[in-house]
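Structure record follows, encoded as structure tokens.
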Amino acid sequence: MSQTQMVQVQSGLSSKILACMSYLGILALVPLVLNRDDDYIRFHARQGIVLWMWEVLAIYALVIPGGRLFFSLSTFLCFAFSVIGVIAVLLGRAWKFPVVGTWAESL
């Protein structure tokens, strides 16, 4: 799947709920553990885990001089990606985020 390619996916309500959880920080681990066999949920959970790791890294950057800028930018981008991810799930789509999606494929 290319970075800009969007795929229509048929999924039930429980799949959508679990996939939405993927974009709520550490809760991304729950769908990955509960439904490891569902490719749709695994796709979103992987991206959610990468976003969560990025958020944790941004928090640690606060102890570095000048890290506040990285934290602020990261907070904004992670929030934006999370909102876009939830919207994609509600629309029943799987959209690979730039950079984050590539890292998520390696998980």
Within the range 79-99, which residues are part of a loop (DSSP other than H, G, I, E, B) and either among the acidic types (Asp, Glu) or in contact (Cβ under 8 Å) with a residue 24 or more places away in the chain (or both)? Gly92, Lys96, Phe97, Pro98
Step by step: first the residues of the range 10-39, then only those that are within 12 Å of the chain's Cα centre (by Cα) and part of a loop (DSSP other than H, G, I, E, B), then the one that is surrounded by the most Cβ atoms within 10 Å (Cβ to Cβ). Which residue is that? Ser22
Conditions: (1) at pLDDT below 90; (2) assigned to a helix (DSSP H, G or I); (3) out of contact with any Asp or Glu (no Cβ under 9 Å at 6 or more places or on another chain). Phe71 meets all but one. Number of the miss? (1)
Would you please list the contacts, defined by Cβ atoms under 8 Å and residues six or more apart or on different chains, that run from a residue in the range 58-73 that is under 18 Å from Gly25 (Cα atoms) to a residue that is in a helix (DSSP H, G or I) and of a type in the set (Ser, Thr, Tyr)? Ala58/Ser74; Ala58/Thr75; Ala61/Ser74
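Go over the candidates Arg46, Arg42 one by one and state the one that is in a helix (DSSP H, G or I), within 9 Å of the chain's Cα centre (by Cα) and of a type outside the set (Val, Ile, Thr). Before the answer, list the steps.
Numbers: Arg42 fails: within 9 Å of the chain's Cα centre (by Cα).
After ruling out the rest, the residue left standing is Arg46.
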Close pairs (6 angstrom Cβ cut-off, 6 or more residues apart or separate chains): without any contact (Cβ under 8 Å) to a residue 40 or more places away in the chain and closer than 19 Å to Val56 by Cα in the range 13-36, surrounded by fewer than 17 Cβ atoms within 10 Å (Cβ to Cβ) and not β-branched (Val, Ile, Thr) anywhere: Met21/Leu27
Just name the residue that is nearest to Val100 (Cα to Cα) out of those in the range 67-83 that are within 13 Å of the chain's Cα centre (by Cα) and surrounded by fewer than 13 Cβ atoms within 10 Å (Cβ to Cβ). Ala80
Residues Leu62, Leu57: which one is under 17 Å from the mean Cα position of the chain (by Cα) and farther than 19 Å from Gly85 by Cα? Leu57
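The values are calculated or read from the model by the stated rules, or taken from the named source; none is laboratory data. Quantities reported herein were computed from a predicted structural model and do not represent experimental measurements. No Cβ is skipped: glycine too gets one built from the backbone with ideal geometry, and neighbour counts run over all protein chains shown.
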